[in-house]
Amino acid sequence: MGCAFGCGALLLIVVAVGGVGAFLVGRSVKGVVSAFETQEQLVDRFGAPTDYVPPADGAIPADRMEIFLVVREALRPTRTELETRFDAFSGGDLTETEGGFMAVLGMLRGLGSLLDPIGEYIADRNRLLLEREMGSGEYVYIYSTSYYSWLGHSPEEGPTIKTAAAAGQPVFSAGKSTFGADQLRERYRRYAREMLKSQLEAVRKNADSDPGWIDTLKNEIGRFRADPSHVVWLDGVPSAIEASLATYRPRLEATYSDAVNCLELPTEQGQQFSITID
């Protein structure tokens, strides 16, 4: 677990409190282990997220949308608990000129208090998906299409510090953290681009496919090359997709959390897991 503070004396502090830190944080990783185990089960049963092929027209079938929303609604208690933990976290208050030994220990306790709830949330979601026969790729497709493409949220949204000294600053480092803005954007870009490519390939195999729709998919893939921050259907969700979402808007809005959004795009197998606090 990385903890970066932009402090030149950090390495000496880490050496001094490393054993204590390992105890404070290490005893809080049970949920993280469960998250990895359940993610492996999802991949074994349904394949990796990038293996998912969206419907030809992109529309989400009503029965699959219902499963997605049942999972989202069942996660509400765990999600609310995690939001509360994020709100209480003040690790971002540690600066280059403030803190010292006890402040580092306080930060480690705060980080430890987040690890288990983060892991448990991911594990709970994965268990619910396994029970309802939905893979992580389909979950990512419905989630990103609903919340990012249609409702206009950003893949980079995550928890922010609520305390006065660092109010508004992200909890997780933008660059290196698994849940930081840069990593979230890259993960979304990879998943969205691969799913579009799979969708395009499937559409091309159908002799009756509309050439205009083929061109639309090709253009959308090309936009990722020109703009790494691109969100699919940024200029307007296709009518077939919008029609499949329209009746579910209240339930979708009620089950979105900007703070917990950072946990919704799963990491790929073999990817390093890192939590970094600036």
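Coordinate-derived values only; no laboratory data. Model, not experiment: these values are computed from the prediction. Glycine gets a Cβ as well: all are built from the backbone with ideal geometry, and neighbour counts include every protein chain shown.
One table, with the values for the structure above:
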read-out: Spatially proximal aspartates and glutamates relative to Lys176 (Cα-Cα < 13 Å; intrachain offsets below 8 disregarded); value: Glu186, Asp278
read-out: Difference of contour (0.36 nm per residue) and Cα-Cα distance, Ser154 to Asn206; value: 15.4 nm
read-out: Charge dipole (debye, nearest 20) of segment 136-278; +1 at Cβ of Lys and Arg, -1 at Cβ of Asp and Glu; value: 200
read-out: Highest-first arrangement of 241-248, 53-60, where packing means the average Cβ count within 10 Å; value: 53-60, 241-248
read-out: Interchain or long-range residues, amide H under 5 Å from Thr160's placed H; value: Val171
read-out: Size descriptor, Kirkwood hydrodynamic radius, that averages inverse alpha-carbon separations across segment 175-275, Å; value: 15.8
read-out: Full-extension gain in nm, Glu66 to Glu81, via 0.36 nm per residue minus C-alpha separation; value: 3.0 nm
